[in-house]
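Just below is one structure, and these are the notes that go with it.
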Amino acid sequence: MLSTAQIVQLVAGGFLLALGITGIAISYLASFRIKKPAAELAKRIIVSFFFFGILGGVSEILTVIWDSNMWVLIAVSVTLGYLVMAFAALRYLRILSGIGSVKKKAPAASKEKLPIPQTFMVSTPDEAKYLLGTLKGQYGKALLAIGRDHPHVWEEKYGLKPDRYIWLTRIEHEVAVSPSSLHVVNGEIVKFLRNNPGGIVYFEGIEVVLLYLDFNSLAKFLLGVKDRVLVESAYFILLASPETLSERQYSMLLREFKQPNVKELLERLAGVTLFGAVPPTKGAKDKYTKDTEGEEDAGGESSKERS
């Protein structure tokens, strides 16, 4: 006949065992879905659950059905489980807070003046892809990309990883900003340009923003970014297509963001002939585009034309 104390021990042992199995399963699955350093924390939690739950629970049960001296194993397993959990939590907190970490000296930002306008517009993602690849790959320019695609999809489509990416979406995500919160996007741009002199801001997703805001609000935001980029001696590339805008809206953007010949820009940057590398621009934009061959600065006199 088991005593009350033994029954309590069996119940406690069974609870610890179930908790250990459940905790290990959840932590194991989570370790594949989260990134470092959280993934490392999940692995250490698995070890802690093994000592606390599995080994501790089995020890509780064995002290009842086999040998009362198994309490030694209980003490060891609980202590080890606590130590693993404590050190894992402290390490994770230290990483998140930056306590005790040595800051690496940031590489010197590339301030090299490029033979291209500081602000201009492209009409297709392919044009942007070749330009961004050259600017970041050959000249080492820091890149802030703002787009509608998921970060992984954007990187796969453009074949490069931006230094900072803002995902225009209303879902919860670590790099997400609502398309209606352009003031937040603007704050991120200001912060990026201060930390990366001469960097590049690339913006796409006009059609998504217009689902939440009117064109005047979007235009004010774009003009503000343009002015900030000119002051910071940086670069702003805007993706806009006449298919997604009215004739008046597209003409207004063309007054502020000229549309130079992308092939010519690439030839200036790479110093080689890239004929045929960039698909020809569709005829839809030719209705609105002026000849910009030889233009060195897209900022020009556009500020005088603002309405």
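Per the listing Ser59, Ser48, the residue uniquely closer than 20 Å to Ala89 by Cβ, among the polar types (S, T, N, Q), at pLDDT 75 or above and buried (at least 19 other Cβ atoms within 10 Å of the Cβ) is Ser48. For the range 236-263, how many residues are more than 17 Å from Glu207 (Cβ to Cβ) and open to solvent by 40 Å² or more (accessible area, probe 1.4 Å)? Total satisfying the criteria: 4.
Consider the range 113-137 and keep the residues that are part of a helix (DSSP H, G or I) and open to solvent by 20 Å² or more (accessible area, probe 1.4 Å). The one that is farthest from Leu230 (Cα to Cα) is Asp126. Considering only residues in the range 140-166 that are out of contact with any strand residue (DSSP E or B) (no Cβ under 6 Å at 6 or more places or on another chain) and farther than 15 Å from Val201 by Cα, the one that is surrounded by the most Cβ atoms within 10 Å (Cβ to Cβ) turns out to be Asp149. Condition first: outside any loop (DSSP other than H, G, I, E, B) and open to solvent by 20 Å² or more (accessible area, probe 1.4 Å). Now tell me which residues in the range 191-220 satisfy that. Listed by number, the residues that qualify are Lys191, Arg194, Asn195, Glu207, Asn216, Ser217, Lys220.
The values are calculated or read from the model by the stated rules, or taken from the named source; none is laboratory data. Just so it is clear, the model here is predicted, and its values are computed rather than measured. Quick reminder, even Gly has a Cβ in these numbers, built from the backbone with ideal geometry, and neighbours come from all protein chains shown. Surface areas here come from the heavy atoms of the whole protein model, side chains and all, with no ligands, DNA or RNA. Shrake-Rupley method; radii C 1.70, N 1.55, O 1.52, S 1.80 Å.
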